[in-house]
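Asker: First, the structure itself, so that you have it in front of you.
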Number of protein chains: 2
Amino acid sequence: MKLEKIKVIVVDDHPLVIEGLRSSLGADSTIDVMNCFENASDLFAFLKRSTVNVVILDVNLPDMNGVEICERITKKYPHVKIVGLSTYNDPSIIKQMVKNGAKGYLLKNVTSKELATAIHQIHRGQSYFSGEIQKILADSIFDNNEIPKLTRREKEVLSLVAEGITTPKIAEKLIISPLTVETHRRNLIQKMGVSNAAQLVKMAIEQRLI
Amino acid sequence: MKLEKIKVIVVDDHPLVIEGLRSSLGADSTIDVMNCFENASDLFAFLKRSTVNVVILDVNLPDMNGVEICERITKKYPHVKIVGLSTYNDPSIIKQMVKNGAKGYLLKNVTSKELATAIHQIHRGQSYFSGEIQKILADSIFDNNEIPKLTRREKEVLSLVAEGITTPKIAEKLIISPLTVETHRRNLIQKMGVSNAAQLVKMAIEQRLI
DNA sequence: TCTAAAATACCTGTAAACTAGTAGAAAACT
DNA sequence: AGTTTTCTACTAGTTTACAGGTATTTTAGA
């Protein structure tokens, strides 16, 4: 029986990282780095016409965020395994990635050896999370910070609030009553489980909602 | 005359980036990647006993921040040229790096070719900033956002404000009068040139003051 | 030691934010 | 077509934030 290589593609907007992955994963005879992309649309164009086993996915791409990409890949190509790769160890992002089908998540401070291990393990159907990530996921079980779903309008209001614009001026901008803005603001504070605008801004920035 | 290679060292806490730089810069016959480090202390240990032309310096290292490293290198080894390399295009960080002696600054989305060009140019005594960075530096001339100096107490209050704690509770925590907290808060808002707490929080996060 | 800077505290007034409840109209979903 | 969600808007009362001063006591630098 002929050994099939694991077909891997890399999506990262840093050419330097791509080159690093190419040279180090290329050394592994069981892994075939088919192609590398710097944005999401190129990735999807490729997925349309090729079979792929594992996608190594940077969470921060210019044209689409990692969570959305995960969701779309999982929906359209459920056989494709996703490994998140990012500088950020933000629990909410990691959890969202996992919820949307990522089978693994690594920080960029991993060695290429560990990455290769992860690819193999995930390709076998298991999951893989680096030590630090495991700890984060474990911790976040206790404080079950469900990411609340915000409506379109609420997101709009949130970003304006986060810019420090006051209620009456937000109302002016959105051409609605200040009272309505107040309501949205109130609902946001309630949904996000905070108690004032300052915390709301912090939250929004942390969860990259703005 | 024998051609001397440019002696370069790379400091980055991401092994993947290091491998990428190694493989791509290694291909350039005029550049000698002497060594790579993942933290600042290893870097300084090496500088003590070796002559180096150019340091490629990631701004985010585990043990020391980029600005501090720049300052120290410039002071102790003024002949060593520094090229900042980072994911962040935060104007205040870039400006601080330049102020502290960085001769170039690139975002991690550069190609290795551009990086090589930068190394050569900087080694010749010129400076090099990638297009995006040039734009940022140019923009920041107009809005001369001098980073205001905050006092110790102000920083304390700022981080508490940023956590969304209200004035009376901050007062309780710091065991001072709420009126004093109000004064600090007001001074902060004035110093940072913003108009409310929400903007203050945003600012503080952006400038990594908390 | 003198002095400038920082931290502390207070007053007054206005504006905005937060709390709590209600409720009709418009979209979206089934 | 019917139900649910979202967006909209209102009343009314409380709390906190913001702006403009002023002033005393520490702390730290020259």
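The values are calculated or read from the model by the stated rules, or taken from the named source; none is laboratory data. Predicted model, so just to flag it, every value in this text is computed and none were measured. Glycine gets a Cβ as well: all are built from the backbone with ideal geometry, and neighbour counts include every protein chain shown. Quick note on the areas: whole protein, heavy atoms, side chains included, nothing else; ligands and nucleic acids left out. Shrake-Rupley method; radii C 1.70, N 1.55, O 1.52, S 1.80 Å.
Residues checked against (1) out of contact with any Lys or Arg (no Cβ under 8 Å at 6 or more places or on another chain); (2) in the same structural domain as A:N60 (by TED's automatic domain parsing); (3) of a type outside the set (F, W, Y):
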| position | (1), (2), (3) |
| --- | --- |
| A:A118 | yes, yes, yes |
| A:I133 | yes, yes, yes |
| A:V157 | no, no, yes |
| A:T180 | yes, no, yes |
| A:M192 | yes, no, yes |
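Asker: Considering only region A:45-65, I want to know if a residue exists there that is modelled with pLDDT of 90 or more, within 14 Å of chain B (Cβ to nearest Cβ) and over 18 Å from B:N109 (Cβ atoms).
Answerer: No, every residue in region A:45-65 fails to be modelled with pLDDT of 90 or more, within 14 Å of chain B (Cβ to nearest Cβ) and over 18 Å from B:N109 (Cβ atoms).
Asker: Do we have A:S177 as out of contact with any Ser or Thr (no Cβ under 6 Å at 6 or more places or on another chain), of a type outside the set (D, E) and farther than 18 Å from B:Q199 by Cβ here?
Answerer: So A:S177 fits the description; yes.
Asker: With A:R185, A:R208 as the choices, which residue is closer than 17 Å to B:E206 by Cα and more than 8 Å from DNA strand D (Cβ to nearest atom)?
Answerer: A:R208
Asker: Going by the structure shown, is B:G131 under 30 Å from B:M203 (Cβ atoms), among the small types (G, A, S) and open to solvent by 20 Å² or more (accessible area, probe 1.4 Å)?
Answerer: Yes: the conditions hold for B:G131.
Asker: Answer yes or no as to whether B:R22 is over 21 Å from the mean Cα position of the chain (by Cα) and within 10 Å of chain A (Cβ to nearest Cβ).
Answerer: The answer is yes for B:R22.
Asker: OK, next. Mind checking which residues of region A:155-209 are in a loop (DSSP other than H, G, I, E, B), among the β-branched types (V, I, T), more than 8 Å from DNA strand C (Cβ to nearest atom) and surrounded by 15 or more Cβ atoms within 10 Å (Cβ to Cβ)?
Answerer: A:I176, A:V194
Asker: Going through region A:1-19 one residue at a time, which ones are within 13 Å of chain B (Cβ to nearest Cβ) and touching a residue at least 60 places away in the same chain (Cβ under 8 Å)?
Answerer: A:D12, A:V17 - these are the residues of region A:1-19 that are within 13 Å of chain B (Cβ to nearest Cβ) and touching a residue at least 60 places away in the same chain (Cβ under 8 Å).
Asker: List pairs: first residue in region B:171-197 and within 14 Å of chain A (Cβ to nearest Cβ), second residue surrounded by 15 or more Cβ atoms within 10 Å (Cβ to Cβ) and acidic (D, E) anywhere in the structure, Cβ distance under 7 angstrom, at least six positions apart or on different chains.
Answerer: Going by the 7 Å Cβ cut-off, the qualifying pairs are B:L188/B:E154.
Asker: Can you find a residue that is in a helix (DSSP H, G or I) and within 14 Å of chain B (Cβ to nearest Cβ) anywhere in region A:128-135?
Answerer: The answer is yes; a qualifying residue exists.
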